[in-house]
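The values are calculated or read from the model by the stated rules, or taken from the named source; none is laboratory data. Keep in mind it's a predicted model, so treat the numbers as computed, not measured. Positions of Cβ are generated from backbone atoms using ideal geometry, with glycine treated the same way; all protein chains shown enter the neighbour counts. Just so you know, the surface numbers come from the protein's heavy atoms only, side chains and all, with ligands and any DNA or RNA stripped out. Shrake-Rupley method; radii C 1.70, N 1.55, O 1.52, S 1.80 Å.
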Amino acid sequence: MAIRDAFGLAFSGATEAGFTPYSQAVRQLQCFIGDPVAAVDRAIAKDPGFVMAHVFKGYLFALATEREAMAVARACHQVALPLAATEREQAHVSALGRLANGRWHEAGGILEGIAIDFPLDAVALQVGHQIDFFTGNARMLRDRIARALPSWQTDMPGYHAILGMQAFGLEEMGEYAPAEKLGRAAVEMEPRDGWAQHAVAHVMEMQSRQRDGIAWMRANPEAWTRESFLKVHNWWHLALFHYDLGDTDEVLALYDGPIYGARSTLALNMVDASAILWRLHLGGVDVGDRWVALAANWAPKAGAGNYAFNDAHAMMAFVGAGLDAQARTLLEAQREAMAGNDDNAAFTRDVGHPLTLAIKAFGEGNYTEAMRLIRPIRAIANRFGGSHAQRDVIDLTLIEAALRAGDGTLARALTAERSMARPDSPLAALFSRRAADLSGN
């Protein structure tokens with residue numbers, strides 16, 4: 001008899017001994033806490049033929065956006081291929097294979113089919129949701145979960161995660177009131193759900209509710225930081241609220257503490273570090289030698305060329321630290337990536353390469369060139385992944401380039417646009433004043 005979970009889904013090759021740590025790994029991922037890799041490794045050690053354990057481990061590594069991690073994901077796929085599996089599990093194996101080979105969109109499509117047929121497959125929903133995030137697909141961030149939500153009930157294990165994912169999808173589609181409601185409900189249900197916590201922070205960021213955001217993040221940090229591998233990103237959200245308010249000292253304190261005090265070498269954490277320092281750089285803030293330490297950790301990844309979103313943030317660090325050789329290596333890796341046939345070739349070609357060139361141009365004081373490169377990609381920037389809050393750095397760079405280039409007409413237009421979108425933002429008001437001064441109005 002096959003092991004079945006609380007939702008009636010069968011798991012081939014599993015015994016109770018292996019299924020217990022596998023279930024732990026799934027719960028850890030749903031909250032972004034603990035060490036799901038270690039837990040799933042325990043499951044594999046107990047049950048080497050447990051196909052979904054190998055698939056789940058592969059998903060964890062494939063979603064890390066690291067070149068070396070992709071090799072592990074491919075190895076997991078190879079192990080899973082010959083194992084006995086149900087039709088649902090075979091589809092998961094296929095999705096992992098696509099993802100591990102850079103076929104993000106195909107993997108997301110397969111997982112979409114699994115979730116339609118099996119709406120209580122929490123792994124299919126969560127991995128699909130993460131793929132939607134990494135490909136910047138706001139519509140699917142919302143709709144993938146919305147399709148399954150009616151099949152879930154409040155007393156089902158992991159229900160909080162479904163609500164948290166739905167909250168984030170709603171936020172990315174601009175449906176802020178229901179997003180905040182669901183996100184708060186998810187956190188109330190499971191305070192350690194870092195994704196739900198961050199969904200509410202996104203709502204407040206987009207609505208320029210800086211003080212509400214600070215209060216939200218400060219209310220119970222123990223819950224969303226304890227053993228959390230999403231905590232750096234959530235601390236980043238707190239820093240954004242302070243940044244908009246002009247609290248530069250607090251932003252730097254957060255950077256030196258929970259954001260990058262440990263000097264992580266994980267790309268996902270370094271993206272947040274770069275994003276904070278670049279915002280400060282745009283504002284003319286002297287960040288001392290912080291760029292040097294961050295750029296040193298980005299340097300070994302300069303030639304990776306496997307995820308364009310990371311490339312842009314690596315370039316910020318190389319520009320900030322004045323590392324021309326690493327910047328050239330990164331650009332060459334991007335040129336090679338654009339010649340490939342995986343999804344990152346399009347991510348890089350459409351958005352990542354022009355943006356990375358623009359960041360380099362800005363660092364060299366060539367603000368006109370930075371504007372020329374950024375303006376055509378603003379409307380399609382979602383194609384290389386991330387959230388609205390993360391991609392806002394593109395608009396910030398363009399506005400600052402226009403101001404520094406003395407292009408009063410463009411600066412006035414861009415700041416009017418931002419003031420309409422973020423009427424309660426002190427930063428938007430500052431930009432408007434600078435544009436008016438530039439124009440002599």
Those residues of segment 98-113 which are assigned to a helix (DSSP H, G or I) and open to solvent by 10 Å² or more (accessible area, probe 1.4 Å), in sequence order: R98, H105, E106, G109, I110, E112, G113
Residue satisfying all of: in segment 1-43; among the hydroxyl-bearing types (S, T, Y) and outside any loop (DSSP other than H, G, I, E, B); nearest to A186 (Cα to Cα) among these: S23
Would you confirm whether or not segment 302-318 contains a residue that is out of contact with any Asp or Glu (no Cβ under 7 Å at 6 or more places or on another chain), farther than 30 Å from L60 by Cβ and either in contact (Cβ under 8 Å) with a residue 24 or more places away in the chain or surrounded by 15 or more Cβ atoms within 10 Å (Cβ to Cβ) (or both)? no
Filter pass, A75 being in contact with a Gly (Cβ under 7 Å, 6 or more places away or on another chain), farther than 30 Å from A381 by Cβ and not charged (D, E, K, R): no
Do we find a residue being crowded, with 24+ Cβ neighbours inside 10 Å, of a type in the set (G, A, S), within 24 Å of T135 (Cα to Cα) and touching a residue at least 12 places away in the same chain (Cβ under 8 Å) anywhere in segment 286-297? no
In segment 166-201, what count of residues is obtained for those that are part of a helix (DSSP H, G or I), crowded, with 24+ Cβ neighbours inside 10 Å and among the charged types (D, E, K, R)? 2
A370 fails exactly one of the following numbered conditions: (1) modelled with pLDDT of 95 or more; (2) out of contact with any helix residue (DSSP H, G or I) (no Cβ under 7 Å at 6 or more places or on another chain). What is the number of that condition? (2)
Can you tell me how many residues in segment 255-277 are among the hydrophobic types (A, V, I, L, M, F, W, C) and open to solvent by 10 Å² or more (accessible area, probe 1.4 Å)? 3
Note down all Cβ pairs under 9 Å where the first residue falls in segment 63-78 and is closer than 18 Å to T265 by Cα, the second is basic (K, R) and assigned to a helix (DSSP H, G or I), and they're at least six residues apart or on different chains. E66/K301; R67/K301; V72/K57
Cross-chain or 6+ apart pairs with Cβ under 8 Å, segment 265-280 first and within 13 Å of V292 (Cα to Cα), then in a helix (DSSP H, G or I) and of a type in the set (D, E, K, R): L277/R290
Within segment 202-260, considering only helices (runs of 4 or more DSSP H) that don't extend past its boundaries, which have at least 1 residues that are among the aliphatic types (A, V, I, L, M), in contact with a Leu (Cβ under 9 Å, 6 or more places away or on another chain) and modelled with pLDDT of 95 or more? 210-219, 231-245, 248-254
Could you check E332 against (1) under 18 Å from M316 (Cα atoms); (2) open to solvent by 60 Å² or more (accessible area, probe 1.4 Å); (3) not in a helix (DSSP H, G or I) and say which number it fails? (3)
Going through segment 65-97 one residue at a time, which ones are polar (S, T, N, Q) and either part of a loop (DSSP other than H, G, I, E, B) or farther than 26 Å from F384 by Cβ (or both)? T65, Q78, T86, Q90
Of all residues being touching a Ser or Thr at 6+ places or on another chain (Cβ under 9 Å) and not in a helix (DSSP H, G or I) in segment 119-159, which is most open to solvent (accessible area, probe 1.4 Å)? Just the residue, please. P157
Is one or more of the residues making up segment 209-223 within 24 Å of V127 (Cβ to Cβ) and under 20 Å from the mean Cα position of the chain (by Cα)? no
Cβ-Cβ below 6 Å, separation at least six or inter-chain, first residue in segment 37-57 and farther than 17 Å from A73 by Cβ and open to solvent by 10 Å² or more (accessible area, probe 1.4 Å), second of a type in the set (D, E, K, R) and part of a helix (DSSP H, G or I): which pairs? none
Count, please, the residues in segment 44-63 that happen to be over 26 Å from the mean Cα position of the chain (by Cα) and not in a loop (DSSP other than H, G, I, E, B). 4
Selection status of D342, out of contact with any helix residue (DSSP H, G or I) (no Cβ under 6 Å at 6 or more places or on another chain), surrounded by fewer than 20 Cβ atoms within 10 Å (Cβ to Cβ), of a type in the set (D, E) and more than 29 Å from D132 (Cα to Cα): no
Any chance L60 is touching a residue at least 40 places away in the same chain (Cβ under 8 Å) and of a type in the set (A, V, I, L, M): no
